[in-house]
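The values are calculated or read from the model by the stated rules, or taken from the named source; none is laboratory data. Values in this document were obtained by computation on a predicted structure and should not be read as measured data. Don't worry about glycine lacking a Cβ; one is built from the backbone with ideal geometry, like all the others, and counts go over all protein chains shown. Just so you know, the surface numbers come from the protein's heavy atoms only, side chains and all, with ligands and any DNA or RNA stripped out. Shrake-Rupley method; radii C 1.70, N 1.55, O 1.52, S 1.80 Å.
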Amino acid sequence: MAVILDGKSLSKKIREEIKNEVESFRKKGFRNPSLAVILVGNDPASEIYVNNKRKACEKVGIRSLFYHLPEDTSEEKLLGLIYELNQDEEVDGILVQLPLPKHIDQTKVILSISPEKDVDGFHPENMGKLAAQIEDGFIPCTPLGIDILLRHYGIEVKGKDVTVVGAGFIVGRPLSLLLLWRNATVSVCHIHTKDITKFTKEADILISATGVPHLIKADMVKEGAVVVDVGISRLNGKIVGDVDFENVKEKASAITPVPGGVGPMTVTALLLNTLKAYKKKFSHLISTTNP
Ligand code: GUN
């Protein structure tokens, strides 16, 4: 029976630490950190994600400024708002929830966010820093959350065969770069991979980020592997992941549940990135007031 990698309880602990750190800044006379969250349209899943992020911010003392724009908002209007938020000294982080409506060019929007406020880590400057192993950039939240979760449980990735299923821009691609940074041997599978099972069966650590419910069955997993499930889907009215949890947990040495695994860690990583943006802004003052 596998160890359950409990992202919910680890998140609770880390968020408590973030809350204390924010409080200590407040006591020294600094303002609260702040995150601007932009949602365009009414996608129900995006609304839930955004609400979770905002609630998590408020609980630790990060002010969340919410911009809920209608579905038919023009690209120009959205870019105008981001321009203003980039200039606003009181705003530390900017998050534009994806996906955006089809008439808006996602690349243009990502490029318009100031890299210093890009707490999602999607701007090419931050993705480039991730690829080049430069510490001062922002690492996208889900890869960062997984990294923190694995470290907490003492799961070493260095030298391990890690298979990532899914090469998407938000998770699979940046996660693969982060794992390389951590000296893993990384295989990345995607929709054009001829034989996914060939790679999943070899993996010491298997991470799936496809959004295909129960794609990963027990016979695709090596005995004793660590399994990380990034997927969140609905199957017969139930929230499930990419992994057939009930059967795979009998074979794995450790596994993340859905919900309560990677999901809360993603939100926690967002809080950490926002705190990082805030601290960078005040670093010259922090070092003089707190030698
Ligand atoms: N949509 C799904 N995941 C994410 C995320 O991590 N950030 C943003 N901005 N949008 C998302």
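Under the condition of being open to solvent by 60 Å² or more (accessible area, probe 1.4 Å) and either farther than 28 Å from MET220 by Cα or within 14 Å of the ligand (Cβ to nearest atom) (or both), the residues counted in region 133-164 number 4. Just checking: which of the helices (runs of 4 or more DSSP H) contained wholly in region 66-162 hold 3 or more residues that are under 21 Å from the mean Cα position of the chain (by Cα)? The qualifying helices (runs of 4 or more DSSP H) are 106-112, 124-132, 141-152.
Hey, any hits in region 105-112 for a residue that's on the phi < 0 side of the Ramachandran plot, in contact with a Gly (Cβ under 9 Å, 6 or more places away or on another chain) and either open to solvent by less than 70 Å² (accessible area, probe 1.4 Å) or not basic (Lys, Arg) (or both)? Scanning region 105-112 turns up no residue that is on the phi < 0 side of the Ramachandran plot, in contact with a Gly (Cβ under 9 Å, 6 or more places away or on another chain) and either open to solvent by less than 70 Å² (accessible area, probe 1.4 Å) or not basic (Lys, Arg) (or both). Of a type outside the set (A, V, I, L, M), open to solvent by 60 Å² or more (accessible area, probe 1.4 Å), within 14 Å of the ligand (Cβ to nearest atom) and modelled with pLDDT of 95 or more, is that true of PHE122? The answer is no for PHE122. The combined condition, being more than 13 Å from the ligand (Cβ to nearest atom), on the phi < 0 side of the Ramachandran plot, touching a residue at least 24 places away in the same chain (Cβ under 8 Å) and open to solvent by 90 Å² or more (accessible area, probe 1.4 Å), is not fulfilled by LYS13. Among the conditions (1) over 23 Å from MET1 (Cβ atoms); (2) outside any helix (DSSP H, G or I); (3) within 20 Å of the chain's Cα centre (by Cα), THR193 misses just one, which is (3). Put simply, of LEU130, LEU235, LEU215, LEU177 the only residue that is modelled with pLDDT under 95 and farther than 20 Å from ASP6 by Cα is LEU235. Among the residues of region 38-50, not a single one is away from the ligand (no atom under 14 Å from the Cβ) and closer than 26 Å to ASP147 by Cβ.
Only residues that are away from the ligand (no atom under 15 Å from the Cβ) and open to solvent by less than 90 Å² (accessible area, probe 1.4 Å) were counted across region 82-97, and they come to 4.
Restricting LEU79, LEU100, LEU65 to those that are crowded, with 19+ Cβ neighbours inside 10 Å and either in contact with a Ser or Thr (Cβ under 9 Å, 6 or more places away or on another chain) or in contact (Cβ under 8 Å) with a residue 60 or more places away in the chain (or both) reduces the list to LEU100.
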